[in-house]
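The values are calculated or read from the model by the stated rules, or taken from the named source; none is laboratory data. As the structure is a computational prediction, the values presented were derived from the model and not from experiment. Neighbour counts run over all protein chains shown; Cβ positions are idealised from the backbone, glycine included.
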Amino acid sequence: MIDIDRIRADTLAASRLAYLHNAGAALMPTPVVAAMKQHIDLESEIGGYAAAGREAARLEAVYGSVARLLNAAPDEIALVENATVAWQMAFYALPFRAGDRILTAEAEYAANYVAFLQVAKRTGAVIDVVSSNATGELDVHALERMIDERVKLIAITWVPTNGGLANPAAEIGKIARSHGIPYLLDACQAVGQMAVDVEAIGCDMLSATGRKFLRGPRGTGFLYVRRGMLQRLEPPMIDHFAAPWVSRNEYRLRDDARRFETWENNYAARLGLGAAVDYALAIGLGPIEQRCRLLAGRLRGGLASIPGIAIRDLGRTPSAIVSFTMRGHEADAIVGSAAAAGITIGASHPSSTRIDAEVRALPPLARASPHYYNTEAEIDRLIDHLAGLPRR
């Protein structure tokens with residue numbers, strides 16, 4: 001059972017905002033903010049190096065917290081600046097040659113797809129998009145049929161930025177494992193709203209952020225790399241932390257996932273990330289996922305009753321990202337009118353998921369993403385606000 005009153009007391013803005021933009025950047029709970037402020041204060045008192053030394057045990061514990069979140073080992077975790085850096089460090093560590101194939105999904109995120117395009121341009125690798133099934137999910141049967149000896153990577157976004165979709169990550173993992181193909185999973189919008197078990201999923205690499213459903217600070221992210229995959233990957237960039245300089249003409253890559261890190265980082269933000277992970281683990285990802293689905297389901301039900309609104313979500317078990325359009329109202333205007341009423345939502349534009357947007361002829365979408373700290377009353381408040389907008 002989630003103690004909503006206690007959690008909302010830890011969420012200061014909840015008293016004045018109906019905050020439904022957690023797929024963008026969630027509200028940090030007070031323990032996360034406190035962890036960061038305390039470290040910044042310590043740095044101001046004794047300096048950054050001394051502060052890091054004094055807090056070394058707490059900083060080291062962040063790796064263990066993230067590992068527990070993912071059912072991984074601490075040496076399989078790298079802490080980096082954001083999810084994009086995490087994903088890039090894994091992707092660009094893979095060698096590609098002319099004719100090698102990268103398989104991805106229709107709803108792949110723009111940041112990832114432009115990286116595919118760059119590598120294809122540089123190397124002659126080929127990008128092949130796996131079709132979706134009738135539910136809108138990646139079609140695992142189509143994926144299986146596309147496998148051949150030239151496939152060198154399967155890379156998908158688990159929960160895309162639009163459409164509510166949750167791709168069948170574990171089913172994809174079974175196919176990747178059975179064929180020995182590296183599998184890179186973008187879990188940026190999955191981590192924090194649902195249970196994530198890398199062993200059950202079968203991914204070799206996973207990237208995620210702190211700022212979204214995990215409720216951590218901006219400027220934080222992490223990369224999981226399966227231990228058996230680590231020795232196959234040379235980071236695209238290194239420094240003397242990732243690869244100690246052991247003699248005049250030699251460096252030696254670290255044996256753990258920290259080969260994807262650099263020496264300098266934001267220690268206050270790392271402690272905030274650790275506090276966010278511990279906060280979520282204390283509540284339990286099972287109850288969090290259940291409540292997220294409950295609130296998102298309530299929102300979809302309410303939106304479906306409003307004339308002129310079209311829900312644009314996909315998948316058998318939609319995530320807590322609810323995307324919709326409203327006849328006569330542009331997405332950004334809907335976001336603005338909601339903000340004026342004290343309700344925070346967001347928008348998703350076609351350029352973020354261009355292939356999916358083209359296949360479905362999507363305009364910009366309004367996007368509401370409730371989280372476990374939201375209340376049913378806040379969901380209803382958004383529904384009532386939208387119902388009250390003028391018909392056009």
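Residues are listed down the side, and each one gets a yes or a no for (1) acidic (Asp, Glu); (2) assigned to a strand (DSSP E or B); (3) touching a residue at least 40 places away in the same chain (Cβ under 8 Å):
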| residue | (1), (2), (3) |
| --- | --- |
| Met36 | no, no, yes |
| Glu43 | yes, no, yes |
| Tyr49 | no, no, no |
| Leu69 | no, no, yes |
| Asp75 | yes, no, yes |
| Ala90 | no, no, yes |
| Leu103 | no, yes, yes |
Worksheet item: Mind checking which residues of the range 88-137 are of a type in the set (A, V, I, L, M, F, W, C), surrounded by 15 or more Cβ atoms within 10 Å (Cβ to Cβ) and more than 22 Å from His179 (Cα to Cα)?
Response: Met89, Ala107, Ala110, Ala111, Ala115, Val119, Ala120
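Taking the criterion of being in a loop (DSSP other than H, G, I, E, B), aliphatic (A, V, I, L, M) and under 26 Å from His371 (Cβ atoms), would at least one residue in the range 231-239 satisfy it? If you could, list the steps in order and put the result at the bottom.
Taking the range 231-239 first, the residues in a loop (DSSP other than H, G, I, E, B) are 231-239.
Now restrict to residues that are aliphatic (A, V, I, L, M): 233, 237-238.
Restricting the remaining residues to those that are under 26 Å from His371 (Cβ atoms) gives none.
The answer is no; no qualifying residue exists.
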Practice prompt. From Ala35, Ala25, Ala18, grab the single residue that is over 24 Å from Val322 (Cα atoms), surrounded by 13 or more Cβ atoms within 10 Å (Cβ to Cβ), modelled with pLDDT of 95 or more and under 27 Å from the mean Cα position of the chain (by Cα).
Written response: Ala35
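Taking the conditions exactly as written (in contact (Cβ under 8 Å) with a residue 60 or more places away in the chain and under 23 Å from Asn167 (Cα atoms)), does Leu295 satisfy them or not? Working first, answer last.
Working: in contact (Cβ under 8 Å) with a residue 60 or more places away in the chain: yes; under 23 Å from Asn167 (Cα atoms): yes.
For Leu295, the condition - in contact (Cβ under 8 Å) with a residue 60 or more places away in the chain and under 23 Å from Asn167 (Cα atoms) - is met.
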Item to complete: Please go through the range 239-269 and pick out each residue that is surrounded by fewer than 18 Cβ atoms within 10 Å (Cβ to Cβ) and touching a Lys or Arg at 6+ places or on another chain (Cβ under 9 Å).
Response: Phe241, Ala243, Pro244, Trp245, Val246, Leu253
Worksheet, complete the sentence: For the range 19-31, pairs from a residue that is under 16 Å from Leu295 (Cα atoms) to a residue that is modelled with pLDDT of 95 or more and of a type in the set (Ser, Thr, Tyr), with Cβ under 6 Å and 6 or more apart or across chains, are Tyr19/Thr344; His21/Thr344; Asn22/Ser369; Ala23/Ser369
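Scan the range 342-351 and give yes if some residue there is aliphatic (A, V, I, L, M) and touching a residue at least 24 places away in the same chain (Cβ under 8 Å), otherwise no. Break it down into steps so the answer makes sense when it comes.
Filtering the range 342-351 for residues aliphatic (A, V, I, L, M) gives 343, 345, 347.
Keeping just the survivors that are touching a residue at least 24 places away in the same chain (Cβ under 8 Å) gives 343, 345.
Among the residues of the range 342-351, at least one is aliphatic (A, V, I, L, M) and touching a residue at least 24 places away in the same chain (Cβ under 8 Å), which makes the answer yes.
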Worksheet item: Among (1) touching a Lys or Arg at 6+ places or on another chain (Cβ under 8 Å); (2) buried (at least 19 other Cβ atoms within 10 Å of the Cβ), where does Gly328 come up short?
Response: (2)
Discussion item. Would you confirm whether or not the range 117-130 contains a residue that is closer than 20 Å to Glu234 by Cβ, in a helix (DSSP H, G or I), modelled with pLDDT of 95 or more and among the hydroxyl-bearing types (Ser, Thr, Tyr)?
Written reply: yes
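Tell me which residues, restricted to the range 240-260, are outside any loop (DSSP other than H, G, I, E, B) and of a type in the set (A, V, I, L, M, F, W, C). Spell out the reasoning first.
The first filter runs over the range 240-260 and keeps only residues outside any loop (DSSP other than H, G, I, E, B), leaving 245-247, 250-251, 257-260.
Residues satisfying the conditions are Trp245, Val246, Ala257, Phe260.
When you scan the range 108-131, do you find a residue that is of a type in the set (A, V, I, L, M), within 20 Å of Ile321 (Cβ to Cβ) and in contact with a Leu (Cβ under 9 Å, 6 or more places away or on another chain), even just one?
Residues of the range 108-131 of a type in the set (A, V, I, L, M): 110-111, 114-115, 117, 119-120, 125-127, 129-130.
Restricting the remaining residues to those that are within 20 Å of Ile321 (Cβ to Cβ) gives 110-111.
After this cut, where a residue has to be in contact with a Leu (Cβ under 9 Å, 6 or more places away or on another chain) as well, the list is none.
No, every residue in the range 108-131 fails to be of a type in the set (A, V, I, L, M), within 20 Å of Ile321 (Cβ to Cβ) and in contact with a Leu (Cβ under 9 Å, 6 or more places away or on another chain).
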